[in-house]
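Laboratory data are not the source of any read-out in this text; all were calculated from the coordinates shown. Computed from a prediction, not measured in an experiment: that's the story for all the values here. Every residue, glycine among them, receives a Cβ derived from its backbone with ideal geometry; neighbour counts consider all protein chains shown.
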Amino acid sequence: MLHTPVGRVRAAGLVEGVSALVLFFIAMPLKYLSGMPELGKEVVYWVGAVHGALFIGYALVTFVAWGQGAVTAKLVGCAAVASIVPFGPFVVDGMLRRHEERTRAATAD
């Protein structure tokens, strides 16, 4: 997966998507629903910081792949929108996988 620019975008998206789910469904409920708001506040801070760094990494990897001509502007736009929606990177992963398969098939001919 990491051998191609599109594969790197897919990997970064999946990691960023998992970090968002951890933030939304583990860290934030720990802060607001657990009865331990101080612990939850600390967890949200650190998980949020990691998620933010991964978000920036996802954007950078996507723009590098676009600059290399490996992804289209439409896919970059879809990745940008998906990165702010829970489960969005997993949907875009399917689009990227199909794009990569079509590209591979076109170059094999």
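A search for C-beta distances below 8 Å between a residue of the stretch 89-109 that is on the phi < 0 side of the Ramachandran plot and without any contact (Cβ under 8 Å) to a residue 12 or more places away in the chain and any residue that is in a helix (DSSP H, G or I) and surrounded by 11 or more Cβ atoms within 10 Å (Cβ to Cβ), counting only pairs 6+ apart in sequence or on different chains, returns VAL91/ALA82.
Restricting attention to the stretch 62-81, which residues are part of a loop (DSSP other than H, G, I, E, B) and in contact (Cβ under 8 Å) with a residue 60 or more places away in the chain?
Keep residues of the stretch 62-81 that are part of a loop (DSSP other than H, G, I, E, B), which gives 68-72.
Those that are part of a loop (DSSP other than H, G, I, E, B) and in contact (Cβ under 8 Å) with a residue 60 or more places away in the chain: GLN68, ALA70, VAL71.
Screening ILE84 with (1) β-branched (Val, Ile, Thr); (2) surrounded by 11 or more Cβ atoms within 10 Å (Cβ to Cβ); (3) not in a helix (DSSP H, G or I) gives one miss only, at (2).
Within the group VAL44, VAL85, VAL50, which residue is among the β-branched types (Val, Ile, Thr), farther than 15 Å from ARG8 by Cα and over 14 Å from the mean Cα position of the chain (by Cα)?
Sole residue among the options that is among the β-branched types (Val, Ile, Thr), farther than 15 Å from ARG8 by Cα and over 14 Å from the mean Cα position of the chain (by Cα): VAL44.
Selection of first residues in the stretch 6-32 that are touching a residue at least 24 places away in the same chain (Cβ under 8 Å) and of second residues that are in a helix (DSSP H, G or I) and basic (Lys, Arg), restricted to Cβ pairs under 7 Å at least 6 apart or on distinct chains, gives the following pairs, ordered by first then second residue: ARG10/ARG97.
So if I check each of LEU75, LEU60, LEU96, LEU33, which one is exposed (fewer than 15 other Cβ atoms within 10 Å of the Cβ) and closer than 18 Å to MET1 by Cβ?
Details: LEU75 fails: exposed (fewer than 15 other Cβ atoms within 10 Å of the Cβ); LEU96 fails: exposed (fewer than 15 other Cβ atoms within 10 Å of the Cβ); LEU33 fails: closer than 18 Å to MET1 by Cβ.
Of the residues listed, the single one that is exposed (fewer than 15 other Cβ atoms within 10 Å of the Cβ) and closer than 18 Å to MET1 by Cβ is LEU60.
For the stretch 37-57, state whether one or more residues are β-branched (Val, Ile, Thr) and either in contact (Cβ under 8 Å) with a residue 40 or more places away in the chain or out of contact with any Leu (no Cβ under 9 Å at 6 or more places or on another chain) (or both). Yes - at least one qualifying residue is present in the stretch 37-57.
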